[in-house]
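See structure below.
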Amino acid sequence: MTLKLFTLLLEAALKTLGISLVSIAIGFVIAMLLSAAIQSGKSIYLLPARLFISFFRGVPLLVQLLLIYTLLPVIGINVPGIVAAIVGLSLCTAAYQAENLRGGFASVPRGLVEAADVAGFNGIQTFLRIRAPIALRLTFPALVNEAIMILKASSLVSVVGIIEITKMAQDLASSTYMPIPIFASAALIYFVINSAIALLGGYAEKSLKGASA
Amino acid sequence: MLKRKLMKAVAAGALLLATSLSAHAEDVLAKAKAAGVLKVGTETAFAPFDFIDAGEHKGLNVDFFEALGKDLGVKIEWVELPWDSVLPSLEAGKFDVVAGPATITKARIARYRMSAPVAEASVAILKKAGDSSITKPEDIAGKAVGVGKATAQLAQLQEYSATLSEKVNVREYVSFNDAYADLAAGRVVAVANSLPNIAFVAKQRNGMFEVVTPAFGKKTYFGFIGTKDDDHKALLDYIDNEIIAMKKDGRLGKLQEKWFGTTFDTPDSVPDPAF
């Protein structure tokens, strides 16, 4: 295992990290929109949101990626591999994050919402200022967990031509015939990245708790 | 009101689709020249045609398309995918042509435009060095043999297996590299693949593997793959001419010598594959 091989793995790790973080962020925004749609209680918003969640939770990510990559060109949208990867991961994680958030929204004390109502908040204000912050605080550990899951699931994006850590490790292992040090290094890189996410998540969780007091 | 909005949305969608379709109906060769880039799809687990050598993309395909790009005045952009999604992505227009290469078969020329042959593709057996239980192809009867998924080699192996006294236990792998790894680990006793490929593997992993000759099945050839539509015709004609020109001026022979250690006498076209 030479330094050159390890550097190649690290370069691939940057791709994994970049794609995952962008997808988690986009997914979070979509998940919030989905939550708003569900919390609105109006079936014109509620039903599409439910359909979205059950589709992207119910179809394997691998199939979603292949669909986005090879089906969209049929209707004239030819996206490059990197876009297909980010879109696939974002939509998938959005569905899971929305489900996590649903638990949080369900736990928002009724009294707070009623108080906001009495204080003259409209629906959007109540959502942005009362419900969403509380739901987010309650489901933050689940969000960190989801970030780690997506980072690991990003190994699937090699099917749309992205050379991330796992694919790079496979390529290197088959050309150098040293599978053990290469896959062990790949595992180590994943572990370090995910430990960092967990650590940062724990820190953020603590500071959120302080804010709620 | 809502209905009118909906109609508008549908009309806009149809317009978008129509414009993108008409943008698509353009000669691919002319487009590649104008953009200065030819997109080539491939799988990088098919040494010595296409493989990653310590992070570097190498092989006969890389050398060939480099030369073609120089003659055409374009840069080559590689799109690397697992083999089973290469052909679907070609049809989806993700790239202009597939390097691969793929064995020229009846089933493939029915659906795709195959280029002039670049090498022989007849299938033979790779075994562990010193394995005395396999000395000729028919010795694989009843044994576990690895082969790549969705490949012509798999189809040839299955056909050959049916002619043997006992069926071969065929194991399909996502890539041939995984099959070689399992041969090294003893999970299969042999790997069936085209001669140029296994000769290269045996040479590279000196003392680990051995090629069992002769090849079994029918004589077949490797070619590059494109789609049959009019947009791609000029590009694939160009590639055919380039292969035949490189064969005549000896450049193809040199590439074969470099990557296979031997040269092949290939025909200019395979209108009626044996397989």
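Of the residues making up the range A:159-213, those that are acidic (Asp, Glu) and either touching a residue at least 40 places away in the same chain (Cβ under 8 Å) or over 21 Å from B:Tyr173 (Cα atoms) (or both) are A:Glu164, A:Glu205.
Note on the range B:60-74: residues that are under 12 Å from B:Ile239 (Cα atoms) and buried (at least 18 other Cβ atoms within 10 Å of the Cβ) amount to 5.
Set side by side, the residues A:Ser35, A:Ser90, A:Ser20 differ, and just one is in contact with a Gly (Cβ under 9 Å, 6 or more places away or on another chain), closer than 20 Å to A:Met149 by Cα and in contact (Cβ under 8 Å) with a residue 24 or more places away in the chain, which is A:Ser90.
Contact annotation: residue pairs with Cβ atoms under 7 Å, 6 or more positions apart or on different chains, pairing a residue in the range B:51-68 that is more than 11 Å from A:Thr176 (Cβ to Cβ) and more than 9 Å from every other protein chain (Cβ to nearest Cβ) with a partner that is part of a helix (DSSP H, G or I) and aromatic (Phe, Trp, Tyr), are B:Gly59/B:Trp259; B:Leu60/B:Trp259.
For beta carbons closer than 6 Å, sequence separation of 6+ or different chains, a first residue in the range B:164-185 that is in contact (Cβ under 8 Å) with a residue 24 or more places away in the chain and a second that is among the aromatic types (Phe, Trp, Tyr), the qualifying pairs are B:Ala179/B:Tyr173. Residues in the range B:77-108 that are in a loop (DSSP other than H, G, I, E, B) and β-branched (Val, Ile, Thr): B:Ile104, B:Thr105. Is it the case that the range B:244-252 has a residue that's closer than 30 Å to B:Lys136 by Cα, out of contact with any Asp or Glu (no Cβ under 7 Å at 6 or more places or on another chain) and surrounded by fewer than 20 Cβ atoms within 10 Å (Cβ to Cβ)? So far as the range B:244-252 goes, no, none of its residues is closer than 30 Å to B:Lys136 by Cα, out of contact with any Asp or Glu (no Cβ under 7 Å at 6 or more places or on another chain) and surrounded by fewer than 20 Cβ atoms within 10 Å (Cβ to Cβ). Per the conditions (1) farther than 22 Å from B:Ala30 by Cβ; (2) of a type outside the set (A, V, I, L, M); (3) in contact with a helix residue (DSSP H, G or I) (Cβ under 6 Å, 6 or more places away or on another chain), the sole criterion not satisfied by B:Lys106 is (3).
Where a number appears in this text, it was derived from the coordinates with a stated rule and is not lab data. Predicted, not measured: the structure shown is a model, and the values here were computed from it. Cβ atoms come from the backbone with ideal geometry, glycine included; neighbour counts cover every protein chain shown.
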